[in-house]
Structures are given as structure tokens and as C-alpha cells.
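A.B. asks: Sending over a structure as C-alpha cells; questions will come in a sec.
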Amino acid sequence: MATIIAPSGSFVQFATQDVEHCIFGTVRATLPVYQDDDVAFQFVIQGTEEEIDELAEFGNTGITVGLVDTSEDELTEEVILEFIEQVERFRISDTDLLCNWTHGFPGFMDVVTIGQCFKVVILLNALGEDFSYSSNRFERVGDGCFTTVIEYGSNDNAFGFNYCYSSPDSVPGGGTGGEPPNPPPTGANCTPSRITFSNMSSLVLPYTQGMTDMYGDTPTVQVWIYDTGGELVRSEVEVKMDAFPPTSLSFDFGGNASGVIFIK
């Protein structure tokens, strides 16, 4: 079963955010949102290796971010908006997928009124099963006074956030993230190399020492080729190594083709 974990330092969490106060009792933590670009966050999906295999695939649409309306008693949560934008994904282990959401809440003013409370919802579909996880509460406010957007970043993994050598401003503040049980070393590079090719029947790529340092002696390689309809389709093109460890990777596309190669 795929689950979601948020970084301990994130404003956006997927567990209860109620605060126990010695005088006021249980206090709900509700975050104000004024503009649609106020919120960006990070989270990690944990699942079986097979689930993460599927969700990590380029072009997979099994991860949807949206909003749910929250009634006062929180017994009813209705999905009121599903964003068409996709999360940025990095596989950080066999069973952990890092997700960055940098799009804010586009169009939320059309479905959320001032003073209305709502939550972020993550909808997952993995191996044919549906999962849903909602966040702590937000409230749309009509005035930006007495509110502040906090942005933060780091060159190192810290406070549960994983930066994968991303530039600090690539994951703006407000994070929802997940801290995997065995996080990669500080500064681990999770970013895949993306090589495009156009109208080629074969290709030889140098596998440099820098790539070996990032991806190891046996990298994961995916080839995606444009079909006649202009859609990228995963191909079973064989990848050949000249040696072990390799110094080059060669591809035979079986005819002229255009597409993208991912090395990770």
C-alpha cells in the first residue's frame, strides 16, 4: 500500500496537525492562503518496489494533486479541484519516490470562497489500486495583511527535505515532503540525465566518470520514442555497454526515430 510522508519541517503535513493547548484544548492548525502561488511543497511516496516502479515512470499520471472542501466537523471531504499539472519526481530508493509540487493552487479562487477551509489531497493510482491522502487545513483569506510567505532551501538534505542537488530555489517553501527511512547521502543526485535525439537510427553516448559517480556502474536507462501520433511511448530498445564499468552506451532504434533517453 502506497503511503505519503511529509518532512518534519514542512508546513504542509499529511497527518493530524491539531495542537494540544493547556488552556484552549485542541486547536486546529489552519494556514492562510491569499494568492494561488502562495504554497509549494515536497512529499515522499513510500510503497512496494513494484508500486514505485510504476509511479516513477516518465509519463505516468498516477499521481494527482487537488483540493478538497472541508466541512466544519471534517466528516465530509469533497474533491473540488484536481490540478492538471504534474509533480516533479525523483526516485531516491527502490521504495521511495520524492515529489516536488511547485505549481501552487492554480484556479483555486474559482472554487474556494474567502473564509472557506480546504485541504490538499494527493490521489494515487498504483498497480490498479486507488489511494487518497489529505493534508492539514488551509483557509482562503481575502487580505494579505498579517500574512507572510516563507521560502527556504538548502544545498544539503535537512529537516526531512531532500534536495537531490536541486538548486535551493527549485523547491520553494511551504514543503510537504517525506523523509525516507534510509535517506540517501547528503546531496545525493537524484536528477536523471535527459538526452533528446531526433531522426536517428542509432546513437552512442559517452558514459563519463561524472555520470558513473551519479548513477553507478549499472545505470537505469529508459528510451522513449515518439509514435506516429506525436506521443512519447516507452520503447524496449536494447542498451549495450562497451565494457564494465561502461565508458559508452549504444542504442539501435531499428530505423530513424526521435525521442528522449533517461539515465538515472
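A.B. asks: Given the residues PHE131, PHE105, which is the only one that is assigned by TED's automatic domain parsing to the domain that holds VAL39, farther than 16 Å from GLU77 by Cα and buried (at least 17 other Cβ atoms within 10 Å of the Cβ)?
C.D. replies: Working: PHE131 fails: farther than 16 Å from GLU77 by Cα.
Just a single option satisfies the conditions, and that option is PHE105.
A.B. asks: Anything in the range 226-262 that is buried (at least 17 other Cβ atoms within 10 Å of the Cβ) and among the aliphatic types (A, V, I, L, M)? List them, or say none.
C.D. replies: VAL237, VAL239, LEU249, ALA257, ILE261
A.B. asks: Could you tell me how many of the residues in the range 34-57 are within 30 Å of VAL112 (Cα to Cα) and not aromatic (Phe, Trp, Tyr)?
C.D. replies: Taking the range 34-57 first, the residues within 30 Å of VAL112 (Cα to Cα) are 34-45, 55.
With not aromatic (Phe, Trp, Tyr) added as a condition, the list becomes 35-40, 42, 44-45, 55.
Of the residues in that region, 10 qualify.
A.B. asks: State all residues of the range 197-219 that are acidic (Asp, Glu) and within 18 Å of LYS240 (Cα to Cα); if no residue qualifies, say none.
C.D. replies: ASP217
A.B. asks: (1) at pLDDT below 75; (2) of a type outside the set (Ser, Thr, Tyr); (3) farther than 13 Å from PRO245 by Cα; (4) surrounded by fewer than 16 Cβ atoms within 10 Å (Cβ to Cβ): which one isn't true of ARG194, the others all being true?
C.D. replies: In the conditions (1) at pLDDT below 75; (2) of a type outside the set (Ser, Thr, Tyr); (3) farther than 13 Å from PRO245 by Cα; (4) surrounded by fewer than 16 Cβ atoms within 10 Å (Cβ to Cβ), ARG194 misses (1) alone.
A.B. asks: Return the pairs, sorted by first residue and then second, in which the second residue is among the acidic types (Asp, Glu) and surrounded by fewer than 21 Cβ atoms within 10 Å (Cβ to Cβ), the first residue lies in the range 107-122 and is assigned to a strand (DSSP E or B), the beta carbons are less than 7 Å apart, and the residues are 6+ apart or on different chains.
C.D. replies: Hits for this filter: CYS117/GLU139; PHE118/ASP69; LYS119/GLU77.
The values are calculated or read from the model by the stated rules, or taken from the named source; none is laboratory data. Because the structure is predicted, anything quoted here is derived from the model rather than measured. As a convention, Cβ positions derive from the backbone with ideal geometry for all residues, glycine included, and neighbour counts pool all protein chains shown.
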